[in-house]
Amino acid sequence: MQDNAKKPAIRFAGFNDAWEQRKFVDLFDTVANNTLSRAELTADTGAGRDVHYGDILVKLGECLRDVSELPFIADDQTVQKFISARLQNGDVIIADTAEDETVGKCTEILDVQGEIVISGLHTIPCRPREKFAPAYLGYFMNSPAYHDQLRPLMQGIKVTSVSKSALQDTVLSMPKSQTEQGQIGQFFLNLDHLIALHQRKYTKLVNIKKSMLEKMFPQNGSNVPEIRFAGFTDAWEQRKFVDLFDTVANNTLSRAELTADTGAGRDVHYGDILVKLGECLRDVSELPFIADDQTVQKFISARLQNGDVIIADTAEDETVGKCTEILDVQGEIVISGLHTIPCRPREKFAPAYLGYFMNSPAYHDQLRPLMQGIKVTSVSKSALQDTVLSMPKSQTEQGQIGQFFLNLDHLIALHQRKLERLQNIKKACLEKMFV
């Protein structure tokens, strides 16, 4: 039983030995660090670079492979003052302060690339006294096996910290074989590379969507968009909200009056529009149920239908006015909820067109001067009446625009799921490949 405790749940083939366990105090020497604030760093140029604790917590991964990510130290004399403490490959830099339990997060330097790199404010730079395979320490010391030891050592309430002396009796586990260490490190480096690739693809698609929402709808009083599908040349129509929509009744049910279990009808809560739902709602099973069936019957005449647009009239920022268009009620009773303005078009639009147009800058920018409030911002039903909607006369063109964005959102969702799957794999492996 004791022997199994020193072996990870998941291991590369060919390795069976129990892992060693060594105290921090016996494995590391600490190196000097500076206390430079952000104001004393620069993105421009300098004689040396700085590892600031804020970058470890937010920007840097378990291993630092590219020191060009680091800011420069603005004052060259400060660099010279700390030249004897310049970092080298294999050093691990721990963030000793954070606003939560991420305190203790660290990064291992894999390649200083010949640059002078100095550990900065609120960091504990550690130099191993013996050789470890590259990346092993960076991943182990960010795994639950090590980080969970730091939780009882953390001090503070709003700002949490861990001291250099408190680290001394923490325990590091490691395979005796540097080959095994190296395989573990390389596995996580490869996994992080794959995660980064999918993150870039996902971010690129999100940016393409943002750009298309600006360019595929007319801007600044124009009656044609900057980007348009081939075969369409007519000027777009502009119509006032008041002439296009009837409003439908909504309930004022709080979250406490909704349930994830079961019910006679579903509810579109403004919080879900702001945070969870996209421009178009294709699957009403995402919506919570209304707990009280009598309330459903009370609002049965206001049940939503395909093509209705539900606007969130309140938010804590300028996302107020975000909306979702219902594409498929799937035969269910769906009722618009708290802090929403449900709108029913008086004429037919191609599916998804309104959902994307009314979330585009072309429409949402009209709402900004209509917003009221400071901490909580709102827009009223009456204020919407004179806002203007632009649309192609051709429903075929409307349909192509709507389908383009639906396809793009489908692609974004696919990459998001792949990214989340890889991140979950990494999280599981950080738990199971160390002891």
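The values are calculated or read from the model by the stated rules, or taken from the named source; none is laboratory data. The structure displayed is predicted, hence computed values, not measured ones. Quick reminder, even Gly has a Cβ in these numbers, built from the backbone with ideal geometry, and neighbours come from all protein chains shown. For accessibility, only protein heavy atoms count, side chains too; no ligands or nucleic acids. Shrake-Rupley method; radii C 1.70, N 1.55, O 1.52, S 1.80 Å.
Between 87, 277, 379, whose Cα lies farthest towards the positive end of the dipole of the chain when Lys and Arg beta carbons carry +1 and Asp and Glu beta carbons carry -1, centred on the Cα centre?
The residue sitting farthest along the positive end of the dipole is 87.
Given Cα pairs under 8 Å that are at least 6 residues apart, what percent is the relative contact order of region 212-303?
Rounded, it is 25 percent for region 212-303.
Output wanted: per-residue J couplings in Hz (rounded whole) for region 154-166, from phi through Karplus 6.51 cos²θ - 1.76 cosθ + 1.60, θ = phi - 60°, x for Gly and Pro.
Per residue, the Karplus-derived 3J(HN,Hα) values read 6, 10, x, 10, 5, 10, 9, 9, 9, 8, 4, 5, 5 Hz.
What does the highest-first list of 261-267, 104-110, 380-386 look like by mean Cβ count within 10 Å?
Put in order of decreasing packing, that is 104-110, 261-267, 380-386.
Report the convex hull volume per residue for region 220-368, counting only C-alpha atoms, in Å³.
Hull volume normalised by residue count: 123 Å³.
Using only the alpha-carbon atoms of region 281-358, report the extent along each of the three principal axes, biggest first, to the nearest angstrom.
Its Cα atoms span 35, 32, 23 Å along the three principal axes.
What net charge is computed for the residues neighbouring residue 78, neighbours being all others with C-beta under 10 Å from the C-beta of residue 78, Lys and Arg scored +1, Asp and Glu -1? Write down the numbers at each step before the final one.
Working: positive: 81; negative: 40, 50, 75, 76.
That sum, taken over residues with Cβ under 10 Å, equals -3.
Relative contact order, percent, of region 1-120 when contacts are C-alpha pairs under 8 Å separated by at least 6 residues?
On the way: 177 pairs, mean separation 37.2, N = 120.
Reported as a whole number, the value is 31 percent.
Give the carbon-plus-sulfur fraction of the accessible surface of the chain in %, rounded to a whole number; probe 1.4 Å, heavy atoms of protein chains only.
Whole-percent figure for carbon plus sulfur exposure: 49.
Based on the Kirkwood radius over alpha-carbon pairs, what is the Stokes-Einstein translational diffusion coefficient of region 349-399 at 4 °C with 1.567 mPa s viscosity, in µm²/s?
105 µm²/s
Apply the Debye scattering formula to the chain, with a single equal point scatterer on each alpha-carbon and no solvent, then give log10 I(q)/I(0) at q = 0.08, 0.12 Å⁻¹.
The computed values of log10 I(q)/I(0) come out as -0.67, -1.01.
Using a 1.4 Å probe, what is the accessible area per residue for the chain, in Å²?
So the chain comes to 49 Å² accessible per residue, rounded to a whole number.
So if I take the centroid of the Cα atoms in region 18-48 and the same for region 344-412, what is the distance between those two points in Å?
A separation of 50 Å, based on Cα centres.
Let me know the charge dipole size of the chain about its Cα centre in debye, to the nearest 20, where only the beta-carbon of Lys, Arg (+1) and Asp, Glu (-1) is charged.
In total the dipole reaches around 540 debye.
Roughly how compact is region 384-435, stated as its Cα Rg over 2.2 N^0.38 Å to two decimals?
2.12
Could you pull the Cα extents of region 347-435 along its three principal axes, largest to smallest, in whole Å?
Result, largest extent first: 64, 41, 17 Å.
For region 320-366, list log₁₀ I(q)/I(0) at each q in 0.21, 0.23, 0.27, 0.28 Å⁻¹, using the Debye formula over Cα point scatterers of equal strength and ignoring solvent, two decimals each.
Treating every Cα as an identical point scatterer, log10 I(q)/I(0) equals -0.88, -1.02, -1.24, -1.28.
Give me the percent relative contact order of the chain, please, defined on Cα pairs under 8 angstrom at least 6 residues apart.
Result for the chain is 16 percent.
Under a cut-off of 22 Å between alpha-carbon atoms, report the lysines in cross-link reach of residue 215, not counting same-chain residues fewer than 8 places apart.
List returned: 201, 204, 240, 322, 393.
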